[in-house]
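The values are calculated or read from the model by the stated rules, or taken from the named source; none is laboratory data. Computed from a predicted model, the values in this text were never measured in an experiment. Note that each Cβ is placed from the backbone with ideal geometry, even for glycine, and that neighbours are counted across all protein chains shown.
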Amino acid sequence: MRLLSIDILRTVAIFMMVLVHFVENLASGYGLSASTVIGPYHRWWLPTGLAAPLFTFLSGVSYRTWLTVQQQRGLAAEVIARQTIRRGLFLIGLGFVFNVFVWLPEDTFNWDILTFIGSALILLEVVRRMPAEVPPVLMLLVVVLSPALQLLADYPAYWANAYFDYDVTLSDVLLGYLVVGYFPLFPWLVFPVAGYVLAPAVLAAPAADAAKPSADRWVLLLVGLLAAGSLLLQGVAGGVAGLGRWTMFPASTSYLLGMLAVATASLALLHRLVDRAAPQRPASWPAHCCQVISRHSLSLYLLHHVMHIWPLWVYGLATTGDPTAHWRTLLPVPVAVVLAGGFCLASVPLLLQIDRRRWPTVEGLMRWLA
Amino acid sequence: MTGEHTHRGELPTSATVAAELPTGLPAGSRIEPAALPGGGDLLLVPVAPTAAAALLPQLLAWAEQSDNAVPPVVVELYGTLVLWTPRRAAVASPADRLPRATAAVTEFTVTAAELGEIERAIAGLWRNYEADLPCGFAVTAADAGRVPELAERYRQSMSLAGRLARLSPRIHQPPQHPPTLAGQLGERLRDRCRLADREEFADDQLETIVRLYEGCGQRASDRLLAQREHVLTWVIVLLLAAETVLLLVDLLATAGG
């Protein structure tokens with residue numbers, strides 16, 4: 001079951017991610033002194049912090065829809081578990097390979113989004129076995145515990161230069177995975193679990209009985225509560241890191257609630273406007289493009305890094321002997337923006353060509369293995 | 001023709017024929033439309049004590065007009081002739097006994113109609129019996145949505161059992177002493193329509209059905225309790241996991257310096 005709303009949202013997330021990564025990795029420190037600390041919200045117009053929550057939320061939604069289809073096909077729970085765990089392990093392995101080859105070996109354990117989504121998939125295999133009442137308790141625990149864990153682990157000590165800087169020790173590696181890495185389980189686990197839990201309500205058909213409150217109203221109420229909670233935290237504890245201050249690193253509670261509201265509302269709105277409005281309509285070319293991009297989101301994630309990080313490393317190596325010498329300082333911001341736009345535009349025909357010629361992709365490899 | 005057939009008390013669904021007074025009946029004969037419980041017509045014929053039997057052909061023809069598929073029950077007793085179908089009843093009797101005979105027919109009609117309704121409702125419950133059988137053994141997650149439906153069927157079957165239990169004394173009432181015309185007419189009619197047997201069959205069927213839905217209720221309740229326990233267990237596991245994570249992070253942070 002492929003829903004256009006999910007494809008559109010994933011495409012938007014990918015394009016936002018490409019833009020943010022190009023600007024941050026190529027240009028965020030361009031023209032600034034070396035001592036200036038570049039935070040994730042250095043440029044107000046960059047959609048920083050939007051793509052990752054959407055991606056991870058959609059991974060939960062997609063897992064739920066995939067699971068429903070497998071169960072309808074009559075696949076045994078054991079087979080589903082095996083497939084899920086294989087996919088999770090594949091993503092974790094791919095994440096490590098990606099870290100080594102893109103972020104260089106010293107960043108093997110930076111706990112980027114691939115290792116996180118892989119871990120989340122394996123945990124969703126456990127979550128799906130829980131009674132319906134339990135996953136919300138799990139989310140609540142993760143949200144409540146995360147600020148305390150960040151405090152316990154001394155989060156700022158690992159992020160002195162606005163990136164995750166760790167020693168290759170067991171404690172740092174494990175803490176990175178749990179709390180202080182780029183996408184640690186606490187609190188990022190909330191997004192895939194929320195996607196998994198909310199998918200049936202958000203993607204529900206309209207209620208046949210007009211007298212009964214439809215799922216839409218509950219979703220609207222939830223979005224309102226999440227947004228209100230986020231605003232309240234920002235108002236009451238706006239200065240407290242990890243709690244009220246809107247930050248992605250660490251993902252503060254206000255950020256979590258706010259982004260959950262955004263992700264849920266976006267999906268619900270798109271589902272209402274696109275999937276429900278014309279479920280039988282033949283796909284237009286923009287819709288087809290979104291489907292192709294969404295289907296190859298993993299390839300695009302890898303490709304856009306290779307396209308802008310590897311030249312950066314090679315250039316640095318060639319000019320100074322240090323591959324990371326020009327990280328964040330290579331280009332002016334407008335040039336990085338143009339490059340990001342160019343990549344997005346070029347990716348569509350490339351992916352269409354890959355589909356037409358049936359070239360092997362990383363998604364195909366994952367499907368084959370899982 | 002009279003005693004061999006079982007009358008189930010069904011009311012015909014087809015359009016009924018308008019009741020017309022048969023020809024050749026004695027003066028004073030009359031039809032009381034919808035006088036029977038359930039809306040059936042009642043034909044009252046005052047006759048001399050020995051003349052009732054001679055009216056049988058006309059009364060039979062009149063009674064059969066309403067529904068040919070149900071042959072009338074005929075009872076002749078002490079100069080009183082009664083023809084009964086669920087839709088029409090004719091009573092030919094000396095004028096002084098007519099009210100008591102009519103009362104007996106009316107009372108019997110009420111009992112037969114009630115039993116017929118119960119039998120039809122039981123037939124309706126049998127339609128779901130096979131489909132509901134698995135839930136009598138175990139209510140799974142897939143059946144959880146059907147629990148209100150099963151509960152409703154349990155309510156229906158218990159309600160029918162109650163109605164049947166209340167009806168039973170009227171079917172099994174002992175002969176009156178000293179015997180009266182009304183009492184004996186009622187007794188004969190109940191006997192000809194085999195109300196006692198039918199009540200017993202209905203009781204047996206209801207027992208089977210009630211047993212199934214009682215089992216379903218028990219299984220649903222077991223599942224609910226197990227589900228609550230399951231939720232509680234998971235919450236405890238999560239709390240323990242949370243505590244473990246807190247301890248682990250604290251330990252790692254301390255160990256890492």
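Do you know which residues across the range B:224-257 are closer than 30 Å to residue B:162 by Cα and surrounded by 19 or more Cβ atoms within 10 Å (Cβ to Cβ)?
none
Buried (at least 17 other Cβ atoms within 10 Å of the Cβ) and either in contact with a Gly (Cβ under 8 Å, 6 or more places away or on another chain) or of a type outside the set (D, E, K, R) (or both): which single residue out of B:185, B:133 fits that description?
It is B:185.
Let me spell it out: the conditions are (1) within 24 Å of residue B:27 (Cβ to Cβ); (2) not in a strand (DSSP E or B), and residue B:142 meets all of them except one. Which number is the exception?
Checking residue B:142 against (1) within 24 Å of residue B:27 (Cβ to Cβ); (2) not in a strand (DSSP E or B), the one that fails is (1).
So which residues in the range B:220-241 are modelled with pLDDT of 95 or more and away from chain A (no Cβ under 13 Å)?
Once the filter is applied, which keeps residues that are modelled with pLDDT of 95 or more and away from chain A (no Cβ under 13 Å), the range B:220-241 yields nothing.
Do we find that residue A:193 is over 20 Å from residue B:249 (Cα atoms) and under 21 Å from the mean Cα position of the chain (by Cα) in this structure?
It is true that residue A:193 is over 20 Å from residue B:249 (Cα atoms) and under 21 Å from the mean Cα position of the chain (by Cα).
Tell me which strands (runs of 3 or more DSSP E) are completely within the range B:55-97 and hold 3 or more residues being more than 21 Å from residue B:20 (Cβ to Cβ), or say none if there are none.
B:73-77
In the range A:100-123, what residues are within 18 Å of the chain's Cα centre (by Cα) and among the charged types (D, E, K, R)?
A:112
Which condition from (1) within 24 Å of residue A:264 (Cβ to Cβ); (2) at pLDDT 95 or above is the one that residue A:48 breaks?
Among (1) within 24 Å of residue A:264 (Cβ to Cβ); (2) at pLDDT 95 or above, residue A:48 violates only (2).
I'm trying to understand the selection: among the residues of the range B:167-187, which are assigned to a helix (DSSP H, G or I) and touching an Asp or Glu at 6+ places or on another chain (Cβ under 9 Å)?
B:167, B:168, B:170, B:171, B:182, B:186
Could you tell me which of the residues A:285, A:246 is modelled with pLDDT of 90 or more and hydrophobic (A, V, I, L, M, F, W, C)?
Step by step, each of A:285, A:246 is checked, and only A:246 is modelled with pLDDT of 90 or more and hydrophobic (A, V, I, L, M, F, W, C).
Among the numbered conditions (1) exposed (fewer than 14 other Cβ atoms within 10 Å of the Cβ); (2) under 20 Å from the mean Cα position of the chain (by Cα), tell me where residue A:322 comes up short.
In the conditions (1) exposed (fewer than 14 other Cβ atoms within 10 Å of the Cβ); (2) under 20 Å from the mean Cα position of the chain (by Cα), residue A:322 misses (2) alone.
Tell me, which helices (runs of 4 or more DSSP H) lie completely within the range A:128-204 with 1 or more residues that are within 9 Å of another protein chain (Cβ to nearest Cβ) and within 30 Å of residue A:272 (Cβ to Cβ)?
By residue number, A:134-153.
Could you count how many residues in the range B:38-97 are of a type in the set (Val, Ile, Thr), crowded, with 22+ Cβ neighbours inside 10 Å and within 28 Å of residue B:116 (Cα to Cα)?
Qualifying residue count for the region: 7.
Every residue, every condition in (1) in contact with a helix residue (DSSP H, G or I) (Cβ under 7 Å, 6 or more places away or on another chain); (2) closer than 21 Å to residue B:171 by Cα; (3) of a type in the set (A, V, I, L, M, F, W, C); (4) not assigned by TED's automatic domain parsing to the domain that holds residue B:63, yes or no:
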{"residue": "B:89", "(1), (2), (3), (4)": "yes, yes, yes, no"}
{"residue": "B:92", "(1), (2), (3), (4)": "yes, no, yes, no"}
{"residue": "B:107", "(1), (2), (3), (4)": "yes, yes, no, yes"}
{"residue": "B:113", "(1), (2), (3), (4)": "no, yes, yes, yes"}
